[in-house]
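The values are calculated or read from the model by the stated rules, or taken from the named source; none is laboratory data. On a predicted model such as this, the values are computed, not experimentally measured, just so you know. Cβ placement follows ideal geometry from the backbone for every residue including glycine, while neighbour counts extend to all protein chains displayed.
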Amino acid sequence: MERPDPAAPGSESRAQPPRRRFTDPALALDSVIGPGVELEGTWRGTGNLDVHGGFSGTLIVDGLVWLRPESRVSGELVVTDLVVEGTLVGSVRATGKIDLRATCRVEAEIEAAQIVAAEGSKVEGRITVSGGADDVVAYSERRES
């Protein structure tokens, strides 16, 4: 089936671009903590960070941090955006969005402008939404990461 041309006259109401995840533009992750790697200390940087292993300490990233299902992170996180699929213990402050996926296990104080939580996510702690939203947005995962 051919999609309507969004530039065609009169197509404004019928052709809507597909909705994208906020992580789609950031799929090129700049740094990786690989599986089996355990780091401790302070990590500061800009760009996006993909975490498959373990990290303990302070993580300050001006960019997206993606905690994959096998990740184990404890400490203080100060980030722009955060996707949590693994285990997180500590505190998080995000200036943007936090996405708590169905596989996450979180024990933390969480603050962000926007927070979404998938059905099945496990969260214990205090959540503060500072971006003017009334609540955490819940969703059911319908597609693969």
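Numbers below:
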quantity	calculated
Residue satisfying condition, being modelled with pLDDT under 95 and of a type outside the set (A, V, I, L, M, F, W, C), within set GLY41, GLY90, GLY63	GLY63
Scope region 8-33; condition surrounded by 10 or more Cβ atoms within 10 Å (Cβ to Cβ) and at pLDDT 60 or above; matching residues	LEU29, ASP30, SER31, VAL32, ILE33
Pick from region 128-138, criterion surrounded by 13 or more Cβ atoms within 10 Å (Cβ to Cβ) and either within 15 Å of the chain's Cα centre (by Cα) or of a type in the set (Lys, Arg) (or both), ranking: modelled with the lowest pLDDT	VAL136
Filter result for GLY96 (under 21 Å from VAL137 (Cα atoms) and in a strand (DSSP E or B))	yes
Residue that is farthest from the chain's Cα centre (by Cα), among those in region 89-98 that are within 15 Å of VAL116 (Cβ to Cβ) and among the hydrophobic types (A, V, I, L, M, F, W, C)	VAL92
Qualifying positions in region 99-110 - crowded, with 18+ Cβ neighbours inside 10 Å, touching a strand residue (DSSP E or B) at 6+ places or on another chain (Cβ under 7 Å) and of a type outside the set (Gly, Ala, Ser)	ASP99, LEU100, ARG101, CYS104, VAL106, ILE110
Test: residue in region 106-126 that is touching a residue at least 24 places away in the same chain (Cβ under 8 Å) and touching a Pro at 6+ places or on another chain (Cβ under 9 Å)	no
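Residue-by-condition table, conditions (1) surrounded by fewer than 22 Cβ atoms within 10 Å (Cβ to Cβ); (2) among the β-branched types (Val, Ile, Thr); (3) farther than 21 Å from LYS97 by Cβ:
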residue	(1), (2), (3)
THR42	yes, yes, yes
PHE55	no, no, no
ILE60	yes, yes, no
LEU67	no, no, no
